[in-house]
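Okay, structure first, notes after.
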Amino acid sequence: MSLLSNCLFVRQVLYRTGAFSPSTFVNASRLSTVFRYASTNSSAQEQKQNETTPSSADQPIENQTQTEQKSNVDLKQLQEQNAKLTEDANEFKDRYRRALAETENTRVRFNKLVNDAKVFGIQGFCKDLLEVADILNLALANTPQQPSTDITALTKDFNNLRQGLVMTEERMQKIFAKNGLVQIKPNEGDKFDPNFHDALFQAKIPEKTSGTIMQVMKTGYRLQDRVIRAAQVGVAQ
């Protein structure tokens, strides 16, 4: 409408100044009609564009709605992830508690086994020694409490006692060997070995070689490969 008004205003000015001829007036009228049509057509197009194009005021609301929908979707996903992580954490915690309980039970059982091994570890050895005790009791039962005045009876009692002691010694050594306990019993003239022998004294003996054993005072013992008591000997210088 502003363009048409401007055209009419120009026409009036030219007409009043005499610079506007009738033919010019006709042309101007045609031009005004063209301008009016163009203006009307432009207004119609603007109205149609306004009807088809959403207003700028509606765009923020639509964007806000889309943002809210996306936020709701993200929140739902986070809640699902949180629930899954919580479930996994509870499962791991339960497994950890079960593992601790199993470890504690294993520790208790192991300590009991160790204590039982300390207390009853020599049970087999003690059971074998009972045979030695039986032989000693039998020897004592067959030995008279009062010595006989008869030399023959006295000799018989002595032989029986000695035989019982020999049987006890033999049986005891078999039990020792069965359990890995071996005698360390060097002979006179053997070379002194500090790993198995303990020198109680030294003496200069002309007929003895220096560094050799000249007397065994007490038999030693070793358990498997470990010496639990060295043989006590006298060594010649």
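The values are calculated or read from the model by the stated rules, or taken from the named source; none is laboratory data. Quantities reported herein were computed from a predicted structural model and do not represent experimental measurements. Ligands, DNA and RNA are stripped out before the accessible areas are found, and what is left, the full protein with its side chains, is counted by its heavy atoms. Shrake-Rupley method; radii C 1.70, N 1.55, O 1.52, S 1.80 Å.
What to note about this one:
- Candidate residues 167, 214: accessible-area rank, largest first, probe 1.4 Å: 167, 214
- In terms of its C-alpha gyration tensor, the stretch 116-195 comes out oblate, because a/c is 1.5 or above while a/b does not outweigh b/c.
- Partners for residue 93 among lysines (Cα-Cα distance below 17 Å; same-chain residues under 8 apart left out): 84
- With 26 Å as the limit, the listed pairs 174/218; 118/178; 156/178 have 156/178 beyond it between alpha carbons.
- Reachable lysines, given that their alpha-carbon falls under 18 Å from the alpha-carbon of residue 208 and they are not under 8 places away in the same chain: 191
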